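Here is the structure we will look at, set down as C-alpha coordinates.
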Amino acid sequence: MKLKLITANLRYDKPDPGDSNWQVRREAIAGWISQEQPDILGTQECLAHQMLDLHRRLPEYQSIGSDRQGNGRGEYCAIFYHSQRLKCLESGEFWLSETPEIPGSITPEWGNHQPRFVTWGKFITPENQPIVVWNTHLDYNSALARDLSAKVILSQLNHWPDRQSYRFLMGDFNASPQTQPRQILAQGAIAHRPWFDALADMPPEEQNSYHEFTGKAWDAVDTVYYDARCSLLSARVERSPWEGIFISDHFPVMAQVLLK
(Lines give C-alpha, C1' and ligand atoms only; values in the text may rest on other atoms or scores of the structure.)
Protein backbone atom coordinates (compact mmCIF):
# COMPACT_ATOMS: atom_id res chain seq x y z
CA MET A 1 0.00 0.00 0.00
CA LYS A 2 1.07 3.55 -0.70
CA LEU A 3 0.88 5.80 2.33
CA LYS A 4 0.87 9.60 2.18
CA LEU A 5 1.99 11.41 5.33
CA ILE A 6 2.08 15.15 5.98
CA THR A 7 3.33 17.12 8.94
CA ALA A 8 2.08 20.69 9.31
CA ASN A 9 2.53 23.23 12.08
CA LEU A 10 -0.74 25.14 11.56
CA ARG A 11 0.03 27.97 14.02
CA TYR A 12 -2.17 28.67 17.00
CA ASP A 13 -4.90 31.28 16.72
CA LYS A 14 -2.97 34.26 18.08
CA PRO A 15 -4.89 35.93 16.32
CA ASP A 16 -2.87 37.24 13.37
CA PRO A 17 -3.77 40.11 11.01
CA GLY A 18 -5.09 39.95 7.44
CA ASP A 19 -4.77 36.73 5.48
CA SER A 20 -2.71 35.25 8.31
CA ASN A 21 -5.75 35.30 10.59
CA TRP A 22 -7.19 31.89 11.45
CA GLN A 23 -10.65 32.87 10.19
CA VAL A 24 -9.10 33.18 6.72
CA ARG A 25 -6.53 30.40 6.94
CA ARG A 26 -8.95 27.72 8.12
CA GLU A 27 -10.72 27.75 4.76
CA ALA A 28 -7.39 27.56 2.92
CA ILE A 29 -6.17 24.73 5.15
CA ALA A 30 -9.33 22.69 4.64
CA GLY A 31 -9.21 23.22 0.89
CA TRP A 32 -5.57 22.24 0.72
CA ILE A 33 -6.08 19.09 2.81
CA SER A 34 -9.06 18.10 0.67
CA GLN A 35 -6.88 18.45 -2.41
CA GLU A 36 -3.86 16.58 -1.02
CA GLN A 37 -5.92 13.80 0.63
CA PRO A 38 -3.19 12.53 3.00
CA ASP A 39 -3.69 9.26 4.78
CA ILE A 40 -2.03 10.75 7.87
CA LEU A 41 -1.74 14.41 8.80
CA GLY A 42 0.27 15.35 11.89
CA THR A 43 -0.53 18.85 13.11
CA GLN A 44 1.07 21.07 15.72
CA GLU A 45 -0.16 24.10 17.69
CA CYS A 46 -3.91 23.82 17.03
CA LEU A 47 -6.15 24.86 19.89
CA ALA A 48 -9.45 23.11 20.62
CA HIS A 49 -11.57 25.51 18.55
CA GLN A 50 -9.16 25.19 15.63
CA MET A 51 -9.48 21.41 15.80
CA LEU A 52 -13.26 21.78 15.72
CA ASP A 53 -13.08 24.12 12.73
CA LEU A 54 -11.08 21.56 10.78
CA HIS A 55 -13.36 18.67 11.68
CA ARG A 56 -16.40 20.62 10.51
CA ARG A 57 -14.74 21.11 7.11
CA LEU A 58 -13.13 17.68 6.77
CA PRO A 59 -15.81 15.07 7.46
CA GLU A 60 -13.72 12.24 5.97
CA TYR A 61 -11.05 12.71 8.65
CA GLN A 62 -10.99 11.74 12.29
CA SER A 63 -8.30 12.71 14.78
CA ILE A 64 -6.57 11.49 17.91
CA GLY A 65 -4.55 13.32 20.53
CA SER A 66 -4.80 15.52 23.57
CA ASP A 67 -3.27 18.91 24.31
CA ARG A 68 0.04 19.52 26.03
CA GLN A 69 -1.51 20.41 29.41
CA GLY A 70 -3.75 17.34 29.25
CA ASN A 71 -6.85 19.39 30.07
CA GLY A 72 -8.04 20.52 26.64
CA ARG A 73 -6.89 24.11 27.08
CA GLY A 74 -3.51 24.00 25.38
CA GLU A 75 -2.01 23.28 21.99
CA TYR A 76 -2.63 19.89 20.42
CA CYS A 77 -0.25 17.58 18.59
CA ALA A 78 -3.14 15.94 16.78
CA ILE A 79 -2.98 13.16 14.23
CA PHE A 80 -5.70 13.35 11.60
CA TYR A 81 -6.33 10.18 9.63
CA HIS A 82 -8.52 9.34 6.63
CA SER A 83 -11.20 7.18 8.21
CA GLN A 84 -12.04 5.33 4.98
CA ARG A 85 -8.42 4.22 4.49
CA LEU A 86 -7.17 3.61 8.02
CA LYS A 87 -8.66 2.23 11.18
CA CYS A 88 -7.29 3.44 14.50
CA LEU A 89 -6.65 0.54 16.87
CA GLU A 90 -5.27 2.47 19.85
CA SER A 91 -3.75 5.82 20.72
CA GLY A 92 -2.12 7.76 23.52
CA GLU A 93 0.43 10.32 24.58
CA PHE A 94 3.62 10.57 26.55
CA TRP A 95 5.27 13.73 27.84
CA LEU A 96 8.82 14.81 27.15
CA SER A 97 10.10 15.00 30.69
CA GLU A 98 11.61 12.75 33.33
CA THR A 99 8.05 11.57 34.08
CA PRO A 100 6.64 10.89 30.59
CA GLU A 101 3.60 9.06 31.96
CA ILE A 102 2.32 12.17 33.80
CA PRO A 103 0.13 14.45 31.61
CA GLY A 104 1.38 18.03 31.43
CA SER A 105 4.65 17.20 33.20
CA ILE A 106 7.75 19.38 32.92
CA THR A 107 11.29 18.84 34.21
CA PRO A 108 12.27 22.42 35.20
CA GLU A 109 16.00 21.75 34.85
CA TRP A 110 15.50 21.19 31.12
CA GLY A 111 14.64 24.85 30.61
CA ASN A 112 11.31 24.55 28.78
CA HIS A 113 8.43 26.58 30.19
CA GLN A 114 5.63 24.72 28.42
CA PRO A 115 4.96 20.97 28.49
CA ARG A 116 6.05 19.10 25.39
CA PHE A 117 4.74 15.71 24.40
CA VAL A 118 4.17 13.06 21.74
CA THR A 119 0.82 11.89 20.40
CA TRP A 120 0.87 8.36 19.01
CA GLY A 121 -1.60 6.18 17.19
CA LYS A 122 -1.63 2.62 15.91
CA PHE A 123 -3.54 2.07 12.68
CA ILE A 124 -4.33 -0.80 10.35
CA THR A 125 -4.51 -0.48 6.55
CA PRO A 126 -7.08 -2.25 4.34
CA GLU A 127 -4.30 -4.77 3.57
CA ASN A 128 -3.95 -5.47 7.32
CA GLN A 129 -0.59 -3.72 7.53
CA PRO A 130 -0.11 -2.17 11.02
CA ILE A 131 1.50 1.26 11.31
CA VAL A 132 2.41 3.40 14.34
CA VAL A 133 2.62 7.17 13.92
CA TRP A 134 4.21 9.55 16.42
CA ASN A 135 3.67 13.30 16.21
CA THR A 136 5.53 15.89 18.29
CA HIS A 137 6.56 19.51 18.71
CA LEU A 138 9.86 20.11 20.50
CA ASP A 139 10.62 23.18 22.58
CA TYR A 140 11.66 26.32 20.70
CA ASN A 141 13.55 28.01 23.51
CA SER A 142 15.74 25.41 25.23
CA ALA A 143 18.39 23.46 23.32
CA LEU A 144 18.83 21.20 26.34
CA ALA A 145 15.12 20.38 26.34
CA ARG A 146 15.27 19.47 22.66
CA ASP A 147 18.27 17.20 23.19
CA LEU A 148 16.74 15.42 26.17
CA SER A 149 13.33 15.21 24.50
CA ALA A 150 14.91 13.44 21.53
CA LYS A 151 16.44 10.93 23.95
CA VAL A 152 13.05 10.36 25.61
CA ILE A 153 11.50 9.68 22.21
CA LEU A 154 14.14 7.12 21.34
CA SER A 155 13.91 5.54 24.79
CA GLN A 156 10.16 5.16 24.39
CA LEU A 157 10.65 3.71 20.93
CA ASN A 158 13.22 1.19 22.13
CA HIS A 159 10.85 -0.01 24.84
CA TRP A 160 7.79 -0.07 22.57
CA PRO A 161 6.20 -3.53 22.83
CA ASP A 162 5.06 -3.67 19.20
CA ARG A 163 8.02 -4.66 16.99
CA GLN A 164 6.08 -5.47 13.83
CA SER A 165 4.30 -2.24 12.93
CA TYR A 166 5.78 0.20 10.45
CA ARG A 167 6.95 3.25 12.39
CA PHE A 168 6.76 6.93 11.52
CA LEU A 169 7.77 10.06 13.43
CA MET A 170 6.77 13.53 12.30
CA GLY A 171 6.62 16.99 13.72
CA ASP A 172 8.08 20.43 14.26
CA PHE A 173 11.42 19.73 15.90
CA ASN A 174 12.51 23.38 16.21
CA ALA A 175 15.92 22.14 15.15
CA SER A 176 17.67 21.82 11.81
CA PRO A 177 19.08 18.48 10.56
CA GLN A 178 22.68 19.17 11.59
CA THR A 179 21.79 19.89 15.24
CA GLN A 180 22.12 17.37 18.06
CA PRO A 181 18.42 16.51 18.61
CA ARG A 182 17.90 15.79 14.92
CA GLN A 183 21.10 13.76 14.85
CA ILE A 184 19.85 11.79 17.85
CA LEU A 185 16.51 11.14 16.17
CA ALA A 186 18.10 10.27 12.84
CA GLN A 187 19.71 7.26 14.49
CA GLY A 188 16.28 5.70 14.91
CA ALA A 189 15.98 2.68 17.14
CA ILE A 190 19.16 1.01 15.93
CA ALA A 191 18.71 -2.06 18.10
CA HIS A 192 15.32 -2.84 16.64
CA ARG A 193 14.26 -0.94 13.54
CA PRO A 194 15.89 2.10 11.91
CA TRP A 195 14.11 4.93 10.16
CA PHE A 196 15.14 7.66 7.72
CA ASP A 197 14.53 11.38 7.33
CA ALA A 198 12.35 11.78 4.22
CA LEU A 199 14.10 15.06 3.30
CA ALA A 200 17.67 13.89 3.93
CA ASP A 201 18.65 13.59 0.27
CA MET A 202 17.45 17.06 -0.66
CA PRO A 203 19.83 20.06 -0.76
CA PRO A 204 19.81 21.83 2.63
CA GLU A 205 18.11 24.97 1.30
CA GLU A 206 15.26 22.88 -0.13
CA GLN A 207 14.55 21.38 3.29
CA ASN A 208 13.75 24.79 4.82
CA SER A 209 10.17 24.99 6.08
CA TYR A 210 9.83 27.92 8.51
CA HIS A 211 9.01 31.16 6.70
CA GLU A 212 6.93 33.32 9.12
CA PHE A 213 4.30 34.07 6.43
CA THR A 214 6.94 35.57 4.11
CA GLY A 215 7.01 32.73 1.59
CA LYS A 216 10.82 32.51 1.88
CA ALA A 217 11.83 29.79 4.34
CA TRP A 218 15.17 29.87 6.16
CA ASP A 219 15.09 27.00 8.68
CA ALA A 220 14.52 23.26 8.22
CA VAL A 221 12.63 22.41 11.41
CA ASP A 222 9.86 20.13 10.09
CA THR A 223 10.16 16.63 8.68
CA VAL A 224 8.85 13.07 8.51
CA TYR A 225 10.92 10.06 9.58
CA TYR A 226 9.84 6.82 7.90
CA ASP A 227 10.44 3.14 8.63
CA ALA A 228 13.48 1.71 6.85
CA ARG A 229 11.39 -1.22 5.63
CA CYS A 230 9.40 1.19 3.45
CA SER A 231 10.37 2.57 0.07
CA LEU A 232 10.31 6.37 -0.19
CA LEU A 233 8.37 7.28 -3.33
CA SER A 234 8.45 11.07 -3.00
CA ALA A 235 9.12 13.84 -0.50
CA ARG A 236 8.79 17.59 -0.69
CA VAL A 237 8.30 20.82 1.21
CA GLU A 238 5.08 22.36 -0.10
CA ARG A 239 5.79 26.06 -0.66
CA SER A 240 2.81 27.01 -2.82
CA PRO A 241 0.05 29.08 -1.20
CA TRP A 242 -3.52 27.87 -1.46
CA GLU A 243 -5.40 30.33 -3.66
CA GLY A 244 -2.94 33.05 -2.68
CA ILE A 245 -3.00 32.33 1.06
CA PHE A 246 -0.19 30.73 3.06
CA ILE A 247 -1.84 28.16 5.28
CA SER A 248 0.68 28.76 8.09
CA ASP A 249 4.03 30.28 9.01
CA HIS A 250 5.49 26.81 8.33
CA PHE A 251 5.46 25.04 4.99
CA PRO A 252 4.07 21.50 5.29
CA VAL A 253 6.36 18.52 4.65
CA MET A 254 5.00 15.61 2.63
CA ALA A 255 6.26 12.07 2.21
CA GLN A 256 4.79 9.19 0.25
CA VAL A 257 6.03 5.71 1.00
CA LEU A 258 5.33 2.18 -0.13
CA LEU A 259 4.66 -0.34 2.61
CA LYS A 260 6.44 -3.48 1.46
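The values are calculated or read from the model by the stated rules, or taken from the named source; none is laboratory data. Keep in mind that what you see is a predicted model, and the values were worked out from it rather than measured. A quick note on method: Cβ atoms are made from the backbone with ideal geometry, for glycine too, and the neighbour counts reach across all protein chains shown.
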Top-ranked residue of region 158-199 - restricted to ones that are at pLDDT below 95, more than 20 Å from ILE124 (Cβ to Cβ) and among the hydrophobic types (A, V, I, L, M, F, W, C), ranked as surrounded by the most Cβ atoms within 10 Å (Cβ to Cβ): LEU185
All positions within region 29-73 that are surrounded by fewer than 19 Cβ atoms within 10 Å (Cβ to Cβ) and basic (Lys, Arg): ARG56, ARG57, ARG73
Counted residues, region 150-177 - those being in a loop (DSSP other than H, G, I, E, B) and in contact (Cβ under 8 Å) with a residue 12 or more places away in the chain: 10
Extreme residue, nearest to the chain's Cα centre (by Cα), among residues of region 200-210 that are surrounded by fewer than 18 Cβ atoms within 10 Å (Cβ to Cβ) and either in a loop (DSSP other than H, G, I, E, B) or polar (S, T, N, Q) (or both): ALA200
Where a residue in region 243-260 is within 14 Å of VAL24 (Cβ to Cβ) and in contact (Cβ under 8 Å) with a residue 60 or more places away in the chain and its partner, wherever it lies, is hydroxyl-bearing (Ser, Thr, Tyr) and surrounded by fewer than 21 Cβ atoms within 10 Å (Cβ to Cβ), with Cβ under 8 Å and at least six apart: PHE246/SER20; ASP249/SER20; ASP249/TYR210
Extreme residue, nearest to ARG116 (Cα to Cα), among residues of region 42-95 that are in contact with a Phe, Trp or Tyr (Cβ under 8 Å, 6 or more places away or on another chain) and aromatic (Phe, Trp, Tyr): TRP95
Residues of region 11-44 classified as over 13 Å from ILE245 (Cβ atoms), touching an Asp or Glu at 6+ places or on another chain (Cβ under 7 Å) and assigned to a loop (DSSP other than H, G, I, E, B), total: 1
